[in-house]
Structure formats: C-alpha cells, structure tokens
Amino acid sequence: MTTATKTWCSDCNSSFKDANCLLQHQKKTRLCQKYKNILFTCQICQYQTRGLKTIDNHLKICTEDIPIVETPVVETPVVETPVVETPVVETPVVETPVVETPVVETPVVETPVVETPVVETPVVEHLAQELEKEKTRVKVLWALLSSVTNIDLSTLISSKDNDLHIFNLSTDSTLYLHENTNNNIVSVTEDETDLVKIEKSSSNYRRVKKITVKPEPNKEEVTSVIDTVDKMKETFTHLDGNTVNGIKESCKEILKQLLTSRTYAKHLSKLKQLRSKLLCTLSIEEYKEVLEYHVIELTNIFTIKQQSERKIKTSVLKSLTPIDNRFLRYPGFTTTQLDAECRDTLKKVFKYGINFPKEFTPYSNISGLANYCVAVFPIEKLIKWCIINPYNFFNVIYIDLPKSSSDDPYSFYTLRSVNNGYRKWDMNCRLEDFSSDIESSLLPYMISMFRDLYYHLFNDNVYRADYSSTSGFAMEDCEQLAQNIILLSQPRRFCNKLRTLFMNNCTYSVTTKDSFNLTGDDSLQRKKYQEREKIEMVGTVRLLFDNITDEQSVQFYKSRNIA
C-alpha cells in the first residue's frame, strides 16, 4: 500500500494532492502567475531566486555564516564584488574593519532592488481598496439609516483608540458581547459576570401621533361580523362530516355498478353530480385526491371491459366537470370551457376554502395563490379573496396618516406580533416589499403553468401570433394567465394596484393596543416612485415561448397590457 505524497508549487508554495491539481493551479491561478515572475532576495546573505518554495527552503537553512559565494550561481556579476571580499567575512570577529567592508555597503545600496515589498504590494493595495470601499458603504448606510429614522447613531456607537463603545440600545432585550481571544469564543453557558451586557431599548414601537385613536371594538361587534361571514360560508359549505362520508360511499357504489352495467352514460353523469357536492366542503387538495381515486377506478373498470385506450379516455372525461378536468389536466381538458356556473363555483371554492383566523395573529396566504385559479380570475381578485381577512382581523393594513396622500399612499403595515392583546406593526412602505414577495413566489409558477397549458394545446411551445383565436380554452384560460403574468412583470404597476386594493378594503382604525415601528415616509423610495418605471418585458415573454423574436415579444406584451 503506497501513501500519497503532496506536491508543492515552487512559485507560491501551495500544496496539492497530485500533479494534475498542481498543473491546473499553475495554469489558472493569477496570484501564482504573479509570483512566478518575482525575484526574491534573502536579506541575510543576498541570495536571489524565483519561487516562494525555493526561497522558503533557503530560509530554513540560511545563517549569517553562509558564504556569499552562492550568489553568483543564481544572478548577474553585480554580486561579484562581495565574492572578492568573502575572506573579510571569515576574518576574526575582533577586527573592526569588518564593519567597514563593502559587504555591508552592498546590501544598503541594493536594498531598493529587494523585491519583497513588490510581493506584498498587490495584496496590500487590494486590501486598502476594499477597506476604502467598506468605509464608503458604512457611511452611506449610516446616512440612510439616520435620514429615515429618528435614531441618532452617534449616541449609540463610538470608538476611541482601539476600543469600540456600544451604548444602551433598548430595555426590551439583552445583547451579549463575547470576547474572542485566540479564536476561542466564550461559551454562552459561562457565568454572566464574564459577559458585557447591553440592554436593548424598550421599544422601537410607539403610538401614532396626530391621529385619532379609538377604543377596542366590543365583543358584540366582533361576534356580529364573525357570525355574518360564517353564515355566508355555510350556505355554500353546508355538508357535515356524515354527509361527506355518505357521498363517498355512494360514489363507490356507482363504481361497483359500472362493472356489471352495459350502459355507462347514466352512471357516469350521476357520479359527476354526486362528487361535485364534495367540492363545496373539501379543500382543493382533498377534492383532487377523490378525483384521482375515481379516475384510477374508472380506468381499471373500462380496461377490464376491454375498451381501447382512446375509448377509456372519452368515457372517463364524461364523468368529469370542466373544473375537474383542469384540476387533473386530464387528456382532452383543453376542449372544455368554464361556463358562468363553473366560474361562480370555483370562485366560492377559492374564497370560502381558506380558513382565516378569527383574531389578530400573523399569517401569510401567499402560497395559496398558486393554483389553477390564476388562469381563470384576475390576480387582484385572487389576492383580495386569499389575503384580506373577511373577519376584519387584517394582517396587512393601511393607516390614513396626515402625510400619506391618496395619490401616493405609503403608510402600509404588516402585523409582526401580538402579545397579551397588544399588537406590533411593521411598516411596509408603499407595499413594495409585500408586492415583491408575491411576484417572486407566484411569477415562476404562472410562467411554468402557461407553458404547460400551451403545450397541451399544440404539443409544442412555438409562438403563434393567432393562438388565442384557435379555441375557447386559449382565448379564456391562456389569455387570462398571460395578462396576470404581464401585470406581475411590471413591479410598479402591480404595486400600485395592491395599494389601491388595500386602501379600499383594509383601512384600519388605530386603537389603544396598536404600536408601530415607523411612521415617516421613505424619501428615497418616494423619489423612485415619482420616476418612470423601466420595464424589461421582452425577457419575461421569451420565457413563455420557444423561438420568439424580440419584436414579437413586444407585440405580445403591448396587445395584452390592459390598464
């Protein structure tokens, strides 16, 4: 058994596990290539050579007693003068003339030639540049933080000599500063007397000034709103657990009858009608599980009856509603259309299928937007149904502050926490971050979905200028999805629509139990929103199709950019 030996780069003194790694390193590493052209000089004996490895090996054995005879082996005759006077170095130490020998003068004269500073200069210059950049970044961030908050940073942090002083930030929590000596970090389990404690400030959350503060709504008012909403939901989702189980059993009985029956149309129609009642009660995912089970059972039954594959798909399709088809993407679903009744049912399924909290608590339903409904309804309606709490326990609110105008409202907030009934709200200025979260989570899903639906229509994703006129499915589902994609691809326009939506539906009356981290406007953001938005729509449209030109992408976008 042989033991692998390390190989060393003679230029930069780095070690590698084999010769191949060393070769790759010497070809590609810029720092190594710089070292390759640098001449190193030993200040002890004036020995000169190239390569960190060579000079490193020399320094391990170099002493003042080594004769300078070695020098001419490597370099030019400039070193010949010390060679002649080598015997002077070997003379007894008691002789004072040794100090006056040219050997001493030669290194003094040659000192500027020593290349050691040249080795370090690129690294030092690079670090100096990075330090200056970091200083500039800190100054900019310091100025930004001071301009948008009421915090005087000079009262929190100061430095003197090599010491950094951090002052009392808050009393709400404690900040521990650990000494780091020789890379040994103090354990957090050690005695608290060894730790520097900095108390964090009570609160960066405060009451809003210059605005009417109302008392908390009484229990009767809250109960009345909850009961009203629940009654509306009950008219749609009116089935109890026993009824749901009964419907499932009845569906299984119909499947058994299909095994012995010679006619299928009546049984398939009854199965479709009976199962549709479950859509009112079950969640979309639960309903899809029932659908998948029925499709598998029907496929097995018709296979036993020796139907052809095409005939099986036709028979199964008769047992599915247009909504069922779209949930499963069952073959042939692009030949069906959603009528007004189907759309109303799908709206209620989406709207009433979300279990909103009946008290203030942080929640997020953004992920609930990712379903087939984005190809049926405008995205603004889906956000209203999915995110705005019908019980008025909003998670995103708008406060009508004096400086927040209706033309450019900025005072939007998201619920951060609730403690003993007291609510803390974080500003989401102009809803920019909130709208950005929706875009980043939903836009990739919708682009992928468009490509999938388009492929089911044409068996490819090649762009067709007239594709929307080829079928009702393309005109309705694909076009609605395309318009939603175009809207989300325009961040400023989408954000403005969200601001209008939440102003109209979530304007909040502040009570004595509400506190807010910020109340002032973001001046930089305000200035940005006053400028014209630059939209890169061509890149988004190119993701929808294969082989689409920039000119076609622009035409596709402009023809569907509805205000």
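Using a 7 Å offset from Cα along Cα-Cβ at Asn245, what residues in segment 278-294 end up with backbone N under 11 Å from the label point?
none
Count charges around Trp425 for me, please; just the other residues with Cβ under 10 Å from its Cβ, Lys/Arg as +1, Asp/Glu as -1. Don't skip to the end; give the middle numbers.
On the way: positive: Arg416, Arg423, Lys424; negative: Asp426, Asp514.
My count for the surroundings of Trp425 gives +1.
Sort Met446, Met537 so that the residue with the fewest other Cβ atoms within 10 Å of its own Cβ comes first and the one with the most comes last.
Met537, Met446
Taking 22 Å as R0, compute the FRET efficiency from the Cβ-Cβ separation of Thr136 and Lys528 and round it to 0.05.
The pair Thr136/Lys528 has a calculated efficiency of 0.55.
Based only on other Cβ atoms within 10 Å, what is the fewest-to-most ordering of Ser14, Ser261, Ser411?
Ser261, Ser14, Ser411
For Ser440 and Glu292, calculate 0.36 nm times their separation in residues minus their Cα-Cα distance, and state this gained length in nm to one decimal.
Answer, rounded to one decimal: 50.2 nm.
Using a cut-off of under 13 Å, list every residue of segment 269-283 whose amide N is near the label point 7 Å from the Cα of Asn365 along the Cα-to-beta-carbon line.
none
Suppose each label sits 7 Å from its Cα in the direction of the beta carbon; what would the Val222-Gln306 distance come out to in nanometres?
Roughly 6.9 nm, to one decimal.
How far, in nm, would the chain grow between Ala128 and Lys233 when pulled straight, counting 0.36 nm per residue and subtracting the alpha carbon separation?
Answer, rounded to one decimal: 31.2 nm.
Only Cα pairs under 8 Å and at least 6 apart count here; give the relative contact order of segment 241-347 as a rounded whole percent.
Computed over segment 241-347, the figure is 24 percent.
Report the full-extension gain for the segment Val462 to Tyr422: residue separation times 0.36 nm, less the Cα-Cα distance, to one decimal in nm. Don't skip to the end; give the middle numbers.
On the way: separation 40, 0.36 × 40 = 14.40 nm, distance 5.59 nm.
Here the segment from Val462 to Tyr422 would lengthen by 8.8 nm.
Listing Tyr557, Tyr455, Tyr391 from the residue with the fewest other Cβ atoms within 10 Å to the one with the most, what is the order?
By the 10 Å Cβ count, ascending: Tyr455, Tyr391, Tyr557.
Given R₀ = 60 Å, what would the calculated FRET efficiency be for Ile535 paired with Leu59, taking r from the Cβ atoms and rounding to 0.05?
Numbers: r = 62 Å, r/R0 = 1.04.
Efficiency at R0 = 60 Å is approximately 0.45.
Testing the spin-label approximation: label points 7 Å from Cα along Cα→Cβ at Asn504 and Asn20. State their distance in nm.
That separation, rounded to one decimal, is 6.5 nm.
Just to verify a number: FRET efficiency for Thr512 and Arg343, C-beta to C-beta distance, R0 = 41 Å, to 0.05?
After rounding to 0.05, the efficiency reads 0.40.
Each value in this text was obtained by applying a stated rule to the coordinates, not by laboratory testing. Since the model is a prediction, treat every value here as computed from it, not as a measurement. Cβ sites come from the backbone with ideal geometry, for glycine too, and all protein chains shown count toward neighbours.
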